[in-house]
Every structure is written in structure tokens, then in C-alpha cells.
Amino acid sequence: MARIDLVELAHSYGGNAADQASYALKPISMTWRQGGAYALLGPSGCGKTTLLNLISGIVTPSHGKILFDGVDITPLSTQKRNIAQVFQFPVIYDTMTVGQNLAFPLRNRGVPNSQIDARVAEIARLLDLTPDLKRKATRLTADAKQKISLGRGLVRSDVAAVLFDEPLTVIDPELKWQLRSKLKALHRDLDLTMIYVTHDQTEALTFADTVVVMHEGRVVQSGTPAELFDKPAHTFVGYFIGSPGMNILPAEVRGREARIGDHTIRLGRSYDNLPEGAKIELGVRPEFVDVAPEAPGLLSATIDRIDDLGRVRFARLRIGDAKFGARVPPGFAVPGTTAGLVFDASRIHVYADSVLVEGMS
Amino acid sequence: MDKTVNQKAWFLVLPVFLVVAFSAILPLMTVVNYSMQDTFGNNQFFWNGVGWFKELLDPSSDLGGRFFASLWRNLFFSAVILAIEVPLGIVVALSMPRDGWSVAACLVTLALPLLIPWNVVGTIWQIFGRPDIGLLGYALNGIGINYNYVSNEFDAWATVIVMDVWHWTSLVALLCYAGLKSIPDAYYQAAQIDGASRWAVFTAIQLPKMNRVLLIAVLLRFMDSFMIYTEPFVVTGGGPGNSTTFVSIELVKIALGQFDLGKAAALSLVYNLIIIIVCWIFYTIMTNAGAERRVEQGAA
């Protein structure tokens, strides 16, 4: 149980000399509060597993410090840090029974037997492993194995945090849902800090209170799922979160107006503070743009196709060469190959060099 | 399913049958033939039925006494060899580096003894242990240990055992190393997270993951040491007395020394049978272990 602070933490697998562009993790400072459910979200190779391994001590950082409750634990080995981690592929000690597997982390730390039994029984009950406790941990299905791995991660009640490194990759989709809601329930019951690494946005958004989005070794935004959806701090977040992702359009912005080609769009806020020479883009989610019949005053686009997702229809369009997505209002008959676009001005964001610029209202 | 009857198919089997016949069946049958007969030279043979086998398996007879004495000696030798080489091989494998240039250096160094022909190994140790000109023998006597493998039984045994350990521990070590290398890093990381001690890592992860290669190592080392001939023959010639006369040395003494073809043939058949039975036991254990593993993987 602890608050975890990362202070200017960075890591380069190439050693100290390498320049910052090659860092697997670029310097970050952030705080993980006790009892939080966090998700580290990002595509493969964005540094999320590196960050996790730095916290657990499997990898020693080349720069910066990690504090548990204000105490610097950077030089400590994994065994001495109070941390649990569950890996992508299940690790089972197959000469032991399921129960002995669960008890292993406690036994190694010299916890009295009576406490071990009580804790193992509790974890087994929460994970529905009670009937299997006495059987040997061989010939198990992948999800049973991963449940045992999860159990070993959760069995210690005194850990600073439990880290999950894409633990549900090997599980069937249906069981994935069950195990994920189980984890969520366990988080409520056990009052543990959990950090969950994934590249699956659904997984991250359903599991976590706070989602930390990583991109190319950098944390680009951390916030609640709603914040990530409504106000992406980086074009990558807009594009990565949400399905379909956010539309990004190069534009010229002056004050309350944006020009795309020779068309002008009204913005919800005023932008007089844009940096000189930066690449300016508009970001707007497809959910906040409606397709309408072509009309003067509306930005027009070519329709590629319509995706019917059942509850909602999305049009895939092109504006010049740029791809664009927009909502098709219920009951609206698609007029042909071109359409006009109606923007919700308050939902348009402006990005300078991919970073969100706050406008003034 | 309908099978096509085609007697010409026999011709396809014929080459294999001929090769096996000439390489294995005929020589073996010759031995069976000898084991049933007695000869006094001159290429004259007399039918003796199972007489040699009866004598061989009767410890009170001369032949039986020699056979059982060498058999127990040989089993004891194999047991000592396994008891030393298997743990030692594991320790060597565990202390080998996991990556870097030193891996290749270790592997080559370990492989060296395995590349030396048996009789050369024997000769090396025969000279190495001599009290007058051998480095080992001279040094031991120099520091006051009265070591002489020609006259002292214990010294002879010690020499033969140390020689075998020197020659073959590498094999066990290399097999174990291969087993260790196949363990994914995730296991070690998980063990770190679980706070496992070095010993717990060994018993919970490394030993179970090595058990297949260990079984193969035990099988190979048992077979080799049970059939050992050249090295002790070159070093001690089976002596002093009969103290290092193993089964194969006894067999050669009877067959070539005394030219008792019938007795030697009976002994070699029984010897062969023991080896086949032990092989079969190991094979059964291994395939059962393998089947268990396959079932497990099938379920995963």
C-alpha cells in the first residue's frame, strides 16, 4: 500500500550515452495514488512494458527515481520492492498444486502458515479456484493458468501495487470479459493499487479510473476515459481512443475561424495564441460531425462508403486527399457521392504540432 | 479401407531385411549358436544346451561367481558415476554464463574431453597417474599421499572414477545447459516477483524444466558406464587382482583370453538382455513423461 511517485524517470536500453530520441522511455514525472486502478494504454513498442518493468524492478532505470510513499526504492531489487506483477504469458510452477502456487509468494516471505491458508482460501474464492486448490497445476487450460498467475499477483495484501502486463492476451474473448470484470471487482474488494498495461482501448477504458496513454516512449495524456474522449491532449490520443478515431485536418486558424482550403469554419473558442510556424490541425470526433445534403456554406466531401454499426451509421469521406469520418443522422438518406458536413463548433479542437491548444471563449 | 494386395511389395522390404540380417540378426544368431555349444579347438563343437546359462546364473560355479562379481562391481561403478556426474553436471550448467562471448568459450572447453577417443583418455590417465613420471601420481606422492593405482584397490577405483568424471561430466552439463536455456525469462521474472530464493528457483523452476534432459543424461551415462571397457582396461587392465574388472572386461578375458566361446557367448547374451531391459524401462518412463506433456500442451 503506497503512493508511487516517478521523478524524472527515463530509460534507455542502450545505456547513458544514447541521445534522447532512442530512449525506450522518455523522462516522465507522475504520481500513482494508493488504491487507484490505472491503465497504461498504447500501441506495441510505446514503452508501456518498460515503464512497468521499471516500477517492478526487473529493469533498472538509466535516469530518475521511483519513490514508494516518498522513499527512494530505485536501487532495490525486485524481491526487496513490495510489488506484484502478472505477465502476459502465464507462469505456473507445475510441480506444485494450485494451492501451493498461490501460497508461493507468501511462503517465500516467511508469512505464518495460518495467515497463508486464510489468504489463499480468500483469493481462491474470489477467482473461483477453490475446487482446484488440491490438484496439481498441470494439464490446465490457458485461462486456468492465467487465473493462477493472477492469484499469485493478488495474494499478497501488503504490496505497493499489482502490475498487469497484458494479462488477458492469451484468453478467449468471452472469458476476457469475465476475468476483466472479476479484476475490477477484486480491485474494489482488496484496496490494491493496480496498473494494467494493454494496447486494447476497450480493456483500458473498462478497467481503469485513470487511463495513461503512451506514445513513442512518452506519456501523452492521463485522465479519465471521458476526458480522453472529450478532450484529447494529443492528436495521437484522439486517433487511438475511440472507434472510429478522431478526424485530423490540416487548417489555417485565425481567431475564431479556421480555413480548410477555401472554406471557413466557425470555432467554439478563439485562438490568438498559436505558436508561429507550428503545424496547425483541427481535431473533431466523427460523433460530432453530421452528414447533410450539400449546400452553400457547408464543407463538402466525397463519400467513400457508409459503415452501419447497428446503433449508429458512420460515413467514410474524403476532403481533398484527407480521409474523414462523420455521423449519418438517423433517417437521413445518403444523397449520392458528395455531401456537406455540419460541425458541432464547441467540439472542434485545435492542435499545434500535434499538441492541444486551449482556446479562449 | 480396401487394401490392394500386391506381393511385389515384398521386394521393397527385401533390401532393408538383408541389411538388418547381415548387420544384426546373423551375428546375433551366431552368438546364440555358440552359447549352446562347447568347443575344445580344432573347430569341433559339442552340443551343450542351456548348460552355460545354468552355470552363468549359478553364483557358486566359477563362471557364475566371476559374472556376478563383475556385475555388482559394474553396477556399483555406474551408481557412483551417476551420483557424482549428474549433480556435478547440473552445478556446472547452472554456473555457466547465459550470454556473451564466454558462452562459446565454455561450450568449447566443455566439449573437449568428449572429443578425445576412449583409449587416448585411458592412456592420458595411465601416464598422468603414474607415481614415477605422471604429474598427478608424482605430485600426490610428493605431498605424502601414498598413491599407486597399480597396487592399491582404492587408488585404482579412484583413478577410474575420476577419469570417467573428467571424461563425461561435460555431456551431462551440456544437456542440462540446453534444458536451462529453454526456460523462458518470464519464469525467472515471475520468481523474482514472488520473492523466490535461489534454492526455490532451482527446485520450483529449473529442476522440473530440466527433468527431461536429465532423464536422457542418466540413461546415456548409465549405458556408457555399464558397458565401459576401454578406459579402465588401458589404465588398470582390470586390476589390481580383479578389483576393477567390469563385465565387459570379464567378457573379453573369457572370450579372447581363455577362448571359451560358449561361456563368453552366454555371458554376452545375458549382458545384452540386461542392457535392453534397462533401456526399455528408461524408454517407457520417457515416453510416459512425454505423453503427459503433450496432453498438457494439447489442453493449453
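At-a-glance table
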quantity	calculated
Calculated from backbone phi, Karplus (6.51, -1.76, 1.60) coupling profile of region A:204-220 in Hz, x at Gly/Pro	5, 5, 7, 7, 9, 7, 10, 9, 10, 9, 10, 8, 6, x, 10, 7, 8
Burial ordering of B:PHE46, A:PHE87, A:PHE68, fewest other beta-carbon atoms within 10 Å first	B:PHE46, A:PHE68, A:PHE87
Cut-off under 5 Å, modelled amide H: who pairs with A:ARG256 long-range	A:TYR271
Inter-label distance for A:ALA226 and B:LYS181, nm, one decimal - labels placed 7 Å from Cα along Cα-to-Cβ	5.7 nm
Region A:221-328: C-alpha gyration tensor shape, a/c 1.5 cut-off, then a/b vs b/c	oblate
Cross-link reach list, lysines versus A:LYS182, counting only Cα pairs under 21 Å and skipping chain neighbours closer than eight places	A:LYS145, A:LYS147
Spherically averaged projected area in nm², based on the convex hull that wraps the Cα atoms of region B:70-211	11.4 nm²
Residue-wise HN-Hα coupling along region B:238-244, computed from phi with Karplus coefficients 6.51, -1.76, 1.60 (Hz; x: Gly, Pro)	x, x, x, x, 10, 5, 10
Anisotropy class of chain B from Cα gyration tensor, a/c 1.5 cut	oblate
Computed Kirkwood radius, in angstrom, where 1/r is averaged over Cα pairs of region B:173-295	17.9 Å
Trypsin sites (Lys or Arg not before Pro) within region A:183-291, DSSP loop, no more than 12 other Cβ atoms inside 10 Å	A:LYS279
Using alpha-carbon coordinates, inclination of helix A:98-108 to the longest axis of chain A, degrees	80 degrees
Computed magnitude of the charge dipole of region A:4-240 (debye, nearest 20; Cβ of K, R +1, Cβ of D, E -1)	720 debye
Span from the region B:127-169 Cα centroid across to the region B:93-115 one, whole angstrom	27 Å
Cβ neighbours within 10 Å from other chains - mean over A:83-96	5
Kirkwood Rh and Cα Rg combined as Rg/Rh, the protein assembly as shown	1.18
Distance in nm between pseudo-label sites at B:ALA9 and B:THR109 (7 Å out along the Cβ direction from Cα)	5.7 nm
Projected label distance in nm at A:ALA278 and B:ALA79, using a 7 Å step from Cα toward the beta-carbon	8.3 nm
Cα-based Rg and Dmax for region A:288-348, where Dmax is the largest Cα-Cα distance (Å)	10.8, 31
Ordering of B:155-161, B:177-183 by burial proxy (mean other Cβ atoms within 10 Å per residue, highest first)	B:155-161, B:177-183
FRET efficiency for A:ASP172 and B:TYR138, using Cβ-Cβ distance with R0 set to 56 Å, rounded to 0.05	0.20
Chymotrypsin sites (Phe, Trp or Tyr not before Pro) lying in DSSP loop within region A:198-253, provided at most 10 other Cβ fall within 10 Å	none
Residue-wise HN-Hα coupling along region A:38-44, computed from phi with Karplus coefficients 6.51, -1.76, 1.60 (Hz; x: Gly, Pro)	10, 10, 9, 10, x, x, 4
Kirkwood estimate for region A:2-142, i.e. one over the average of 1/r between Cα atoms, Å	17.5 Å
Förster-model FRET efficiency, 60 Å R0, A:ILE260 and B:LEU207, C-beta, rounded to 0.05	0.35
Cβ-derived FRET efficiency at R0 51 Å, A:VAL7 paired with A:THR302, nearest 0.05	0.50
For region A:4-240, convex hull volume per residue from C-alpha positions, Å³	125 Å³
Per-bin percent of Cα-Cα distances, region B:67-152 [5 Å]	3, 11, 11, 13, 19, 20, 14, 6, 3, 1, 0
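Bear in mind these aren't lab numbers, they're just calculated from the coordinates by the rules spelled out. Treat the numbers as computed from the prediction; the structure is a model and nothing was measured. With ideal geometry, Cβ positions are generated from the backbone for all residues, glycine too; neighbour counts draw on all protein chains shown.
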